[in-house]
Amino acid sequence: MYTRKVKIYAGFERFWHWTQAVLIIFLALSGFEVHGVYTLFGYEKAVMWHDYAAWAFLVLIIFAIFWHITTGAWRQYIPTTRFIKAQLDYYLFGIFRNAPHPTKKTTLSKLNPLQRLTYFGLKILVIPVQVISGFLYLYYHQTEQVGLHFASLSGLAMLHTFGAFVLVAFIFMHIYLATTGTTWISNIKAMISGWEEVELSMDEVRAEAYPKVVRASEMGYYFLDRDGYIRDVNAAWLRIYGYSSPEEVIGRHSSMTRKPEDAPALREMLEQVLAGQKIESRIVERVGRDGRPGRHLLTAHPVYISDKIVGMAGFIVDESKNIEQEAER
Ligand code: HEM
């Protein structure tokens, strides 16, 4: 299994998450004391602290709304039905068999479909109901004075208490699910540091490995555009040709790498490759820097970008040494 560290949560998101967690837990603790479930701060203090925390929560919500709109992060929560069955299957069965997670986290899409749905419900329904019922509760008498009769005080209190139960249930579920990442602590660590180790598919490993191998390879690598201009070469190519920096060749025409009489053969090969053929191996004579002659084995492949051939690329292996050795024998 290959993994990579990926930045999942921005600084604000982490600050928002933990502040929200502390505030909701504190609101629940003080709220259920007001409700008469237990004595913790003392009734009067509980009422006072619940009111302070409620204001802090409102300020946090305003900042969070602003942040979500300005960064486009609100899109995270758009519910999707894709993979929802796979995700449910995972939580009900797969998780107990150590099956792989059905969806992948990225900075742009860090919530799985069930999370999207749950958080969407929470943000659009439970939290607004809780905040609105809370403030109506707080200013019940004032709203009555201006002639607004929303609901009876006991109705509001019931709605608010019901919302509190939903939020507490959410917290328990949320803490359990938070421990079901790659390791029990990995999701939690990610919400603290912002970074997470995510699994890579073989395609991603390949996309990461190939360019590095090509860059460091002893085989020369080249890429010509459709008109035969050199667009990219690696260090080994420069060495084989005797150049010291890519600037000396990039943007120049590939005909400079051949004797004038060999230039048509190169053009012909480019035409073949642009027509979709590949050249598996061919020995060619090159003209290096300052006219230095040499021979190498060459491969050539069409380069596709979105189904269109944009040029020719391949590898070269120096043959001059072998030829010199043969001549010595
Ligand atoms: C901005 C958000 C909120 C506001 C404005 C608010 C406001 C209030 C008010 C005015 C009361 C009556 C007692 C008092 O004056 O303190 C109350 C009670 C209560 N609050 Fe909140 N609250 C908010 C959020 C929450 C949250 C997030 C929870 C739980 C997770 C919660 C749980 C409770 C409970 C259980 C009661 C007792 C209800 C009763 O027995 O009547 N509140 N809240």
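We did not get these values from a lab; they are worked out from the coordinates using the rules stated. What you see is a predicted model, and the numbers here were worked out from it, not measured in a lab. Cβ atoms come from the backbone with ideal geometry, glycine included; neighbour counts cover every protein chain shown.
Quick one: length gained pulling TYR43 to MET158 fully straight, 0.36 nm per residue minus the C-alpha distance? Mind dumping the intermediate values first?
Values: separation 115, 0.36 × 115 = 41.40 nm, distance 1.85 nm.
Computed gain between TYR43 and MET158 is 39.6 nm.
If you place +1 on the Cβ of every Lys and Arg and -1 on the Cβ of every Asp and Glu, how big does the dipole about the Cα centre of the stretch 1-74 come out, in debye to the nearest 20?
Values: 5 positive and 4 negative charges, 115 e Å.
Using Cβ point charges on Lys, Arg, Asp and Glu, the stretch 1-74 gives about 560 debye.
Quick one: net charge around GLY251, please, counting Lys, Arg +1 and Asp, Glu -1 for every other residue with C-beta under 12 Å from its C-beta.
Summing Lys/Arg as +1 and Asp/Glu as -1 gives -3.
Taking only the Cα atoms of the stretch 126-268, how large is their convex hull per residue, in Å³? Don't skip to the end; give the middle numbers.
On the way: hull volume 38.6 nm³, N = 143.
Hull volume normalised by residue count: 270 Å³.
Roughly how many nanometres apart are two label points built 7 Å out from the Cα toward the Cβ at LYS7 and GLN142?
In this crude spin-label approximation the distance works out to 4.1 nm.
Assigning unit charges at the beta carbon (Lys, Arg +1; Asp, Glu -1) and nothing else, what dipole magnitude in debye, to the nearest 20, does the stretch 216-328 show about its Cα centre?
On the way: 15 positive and 19 negative charges, 48 e Å.
Around 220 debye, computed over the stretch 216-328.
Placing unit charges on C-beta atoms (Lys and Arg positive, Asp and Glu negative, everything else neutral), compute the dipole magnitude of the chain about its Cα centre in debye, rounded to 20.
Details: 34 positive and 31 negative charges, 49 e Å.
I would put it at about 240 debye.
List the pair-distance distribution P(r) of the chain, using every Cα-Cα distance, as the percent of pairs falling in each 20 Å bin from 0 up to the bin containing the longest distance, rounded to whole percents.
For the chain, the pair-distance distribution reads 23, 32, 24, 16, 6, 0.
Calculate, in whole percent, how much of the Cα-Cα pair population of the stretch 192-329 lies beyond 20 Å. Display every interim value, and only then the final one.
Details: 4834 of 9453 pairs.
In whole percent, the long-distance tail amounts to 51.
Using a basic spin-label model with each label point 7 Å from the Cα along Cα→Cβ, how many nm lie between PHE15 and ARG75?
Rounded to a tenth, the inter-label distance reads 2.4 nm.
Please go through the stretch 42-92 and write out the trypsin sites (Lys or Arg not before Pro) that DSSP classes as loop and that have at most 11 other C-beta atoms within 10 Å.
Values: sites: LYS45, ARG75, ARG82, LYS85; in loops: ARG82.
Qualifying residues, ordered by number: ARG82.
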